[in-house]
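A.B. asks: Dumping the structure here so I can ask a few things about it.
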Amino acid sequence: MSLPTEAAHPPLTLPGGLTLEAAELRVLDMPIRFAFETSFGVMRRRYVPLLTLRANGLEGYAEGVMDHLPLYREETVPGALALLEGQLLPRLLGQSFATPEALALALAPYRGNRMARAMVEMAFWDLWAKHLGLPLWRVLGGVRTGIPVGVSLGIQPNAQATVDLAAGFVVQGYRRVKLKIKPGWDEEPVRAVREAFPGIQLTVDANSAYTLADTAALQALDAYGLKYIEQPLAFDDLVDHADLQRRLRTPICLDESITSVADTRKALTLGAARVINLKVGRVGGHLEARRIHDLTLAFGVPLWCGGMVETGVGRAHNIHLSTLENFTLPGDTSSASRYWERDIIQEGLEVAGGVMPVPDGPGIGVTLDRAVLDRVTRQQTTVRAGARPRIDDLPDQPPPDEVY
Ligand code: OSB
Ligand code: MG
């Protein structure tokens, strides 16, 4: 299967395009309402980089999904800030872009750093949809106005606590329960939750904690009718996952391993996954996400929208993306109030009957709560058109023997 092109999605255009005037970068300190334990650590708060792009009297918003330390993938908050503030934003501001495709071309030469690039790309989509006066989901080509959602449950102290926690979400109508697992804590919680709720859609997420040497422990999970096992092996692996998939009845779902449509094609060609968890903030933005969507549709592989414990801004982007046709499995976009005492947006993004409504205003359709935002802001900078790219106190120019 070859890679999809944008031909299926002719861009809407308006004369003049958008001229990027300024960017505001904040770092928010957002305490989570509970300790979220995964195989790689315990998250109690997130430092959230929030980007605002200004053009034509409008503002577009996006947040970064990287952690402060490279525990999930390689990118970090300090690294993203340095790249955005020191290089990407100064190079892009002042330029005019007619479409998100045009902006993506300007970002394309920069390798990796997809979470940082996604912030710029996604903020531009918000701006652009507002410029067109349309909700983002319509501009992306979505087909639904409500998103069936599941919930991701952190590692609990024991099996009974896991069952009790799951029960609350099952009662609320959540369409799927995902349990975080790690070596030594897998079959026990899965058995307990499956016995308590024989009919629910149940999945597990290992966040790369196993190796092929643990194949027997993963095969033991085949007995519990799981919809999929998420990212059992290394964060950057495809080959071992393909090997493991041949030894498992349960489908493998890749999360960390998927950073691009090229990765997705390799994974599906190798048989490394039968389900994909797509996080727009991990793959470089909505255009790359839509390419992955189109490719999985062509492969007949189902897709769902993951989450990275986003505030309302990132959550809204995820919800809009989830309206595309092939998001046929429940996503991780649970209610914002599950994570935040006070979110940074004025609207509630709340699940009712297992369904998250899609915001219907222009762009991502949410508005910042300025009072909350200012209260949680720990750092703030504005970059304007004309700012010179810099690398801290090193000279502005590349080393002399390199040609750019
Ligand atoms: O692997 O999907 C993951 C949270 C942080 C980092 C990685 C993951 C997660 C989740 C929670 O599972 C998703 C969410 O509710 O936002
Ligand atoms: Mg995951």
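No value in this document is a laboratory result; all are computed from the given coordinates. Computed from a predicted model, the values in this text were never measured in an experiment. Heads up, the Cβs are rebuilt from the backbone with ideal geometry, glycines too, and the neighbour counts pull from every protein chain shown.
A.B. asks: In region 309-344, what residues are in a loop (DSSP other than H, G, I, E, B), free of Cβ contacts under 8 Å to residues at least 40 places away in the same chain and either in contact with a Ser or Thr (Cβ under 7 Å, 6 or more places away or on another chain) or within 18 Å of K178 (Cα to Cα) (or both)?
C.D. replies: Of everything in region 309-344, those that are in a loop (DSSP other than H, G, I, E, B), free of Cβ contacts under 8 Å to residues at least 40 places away in the same chain and either in contact with a Ser or Thr (Cβ under 7 Å, 6 or more places away or on another chain) or within 18 Å of K178 (Cα to Cα) (or both) turn out to be N326, T328, S335, D343.
A.B. asks: If the requirement is being among the small types (G, A, S) and surrounded by fewer than 19 Cβ atoms within 10 Å (Cβ to Cβ), which of these qualifies: A206, A196, A166?
C.D. replies: After applying the criteria, what remains is A196.
A.B. asks: What's the total number of residues in region 279-304 that are among the aliphatic types (A, V, I, L, M), buried (at least 21 other Cβ atoms within 10 Å of the Cβ) and either in contact with a Ser or Thr (Cβ under 8 Å, 6 or more places away or on another chain) or in a helix (DSSP H, G or I) (or both)?
C.D. replies: Qualifying residue count, region 279-304: 6.
A.B. asks: Which strands (runs of 3 or more DSSP E) sit wholly inside region 118-183 and have at least 3 residues that are more than 16 Å from ligand 1 (Cβ to nearest atom), among the aliphatic types (A, V, I, L, M) and closer than 20 Å to T367 by Cα?
C.D. replies: Here the list is empty.
A.B. asks: Has region 188-207 got any residue that is assigned to a loop (DSSP other than H, G, I, E, B), in contact with a Phe, Trp or Tyr (Cβ under 7 Å, 6 or more places away or on another chain) and more than 12 Å from ligand 1 (Cβ to nearest atom)?
C.D. replies: no
A.B. asks: Taking helices (runs of 4 or more DSSP H) that fall entirely within region 30-112, which contain at least 2 residues that are away from ligand 2 (no atom under 16 Å from the Cβ), surrounded by fewer than 17 Cβ atoms within 10 Å (Cβ to Cβ) and over 18 Å from the mean Cα position of the chain (by Cα)?
C.D. replies: Correct list: 77-83, 100-107.
A.B. asks: Tell me the residue from H293, H320, H286 that is touching a strand residue (DSSP E or B) at 6+ places or on another chain (Cβ under 9 Å), under 23 Å from T52 (Cβ atoms) and away from ligand 1 (no atom under 15 Å from the Cβ), please.
C.D. replies: Testing whether each residue is touching a strand residue (DSSP E or B) at 6+ places or on another chain (Cβ under 9 Å), under 23 Å from T52 (Cβ atoms) and away from ligand 1 (no atom under 15 Å from the Cβ) leaves just H320.
A.B. asks: Of all the residues that make up region 227-268, how many are away from ligand 2 (no atom under 16 Å from the Cβ) and among the hydroxyl-bearing types (S, T, Y)?
C.D. replies: 1
A.B. asks: Filter region 305-361 for residues that are of a type in the set (D, E), closer than 27 Å to P251 by Cβ and over 12 Å from the mean Cα position of the chain (by Cα) and give the result.
C.D. replies: Residue satisfying the conditions is E325 alone.
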